[in-house]
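In what follows, a structure is listed as structure tokens, so that the remarks can point back to it.
What follows draws every value from the coordinates through simple rules; no lab data is involved. Quick caveat, the model's predicted, so the values are computed rather than measured. Here the Cβ positions follow ideal geometry from the backbone for every residue, glycine too, while neighbour counts run over all protein chains shown.
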Amino acid sequence: MYRKVSVNVTAEESKPKLLPTKIYKCKDAECKAWVREEFAETNPACPICKGPMHRSMRHLPALQKKIKREPAKKSLF
Ligand SMILES: [Zn+2]
């Protein structure tokens, strides 16, 4: 007779992990806009004030992998 104790493990994994993530943020101190570097263009403009953005770091929850681009797919646009 044995009980499964996997509940503890699951609880542990459900904690949101914060990872240091590269972002771009607006240079304007009053503008709170920022975007993850992986979703941004090379020199992104602020989506709110259209001003320049600069690189920064931010602790963010890990992304779900499902949005990742699949390079192996053969699709020509
Ligand atoms: Zn801005």
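The table below lists the values:
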quantity: Stretchable slack from residue 62 to residue 32, in nm (0.36 nm times residue separation minus alpha-carbon distance); calculated: 8.7 nm
quantity: Nitroxide proxy distance, nm - points 7 Å out along Cα→Cβ at residue 18 and residue 50; calculated: 3.5
quantity: Residue exposure sequence - 49, 26 - by fewest surrounding Cβ within 10 Å; calculated: 49, 26
quantity: Residue-by-residue Karplus 3J(HN,Hα) for region 37-48, coefficients 6.51, -1.76, 1.60, Hz, glycine and proline x; calculated: 4, 5, 9, 9, 6, 5, 10, x, 9, 4, x, 9
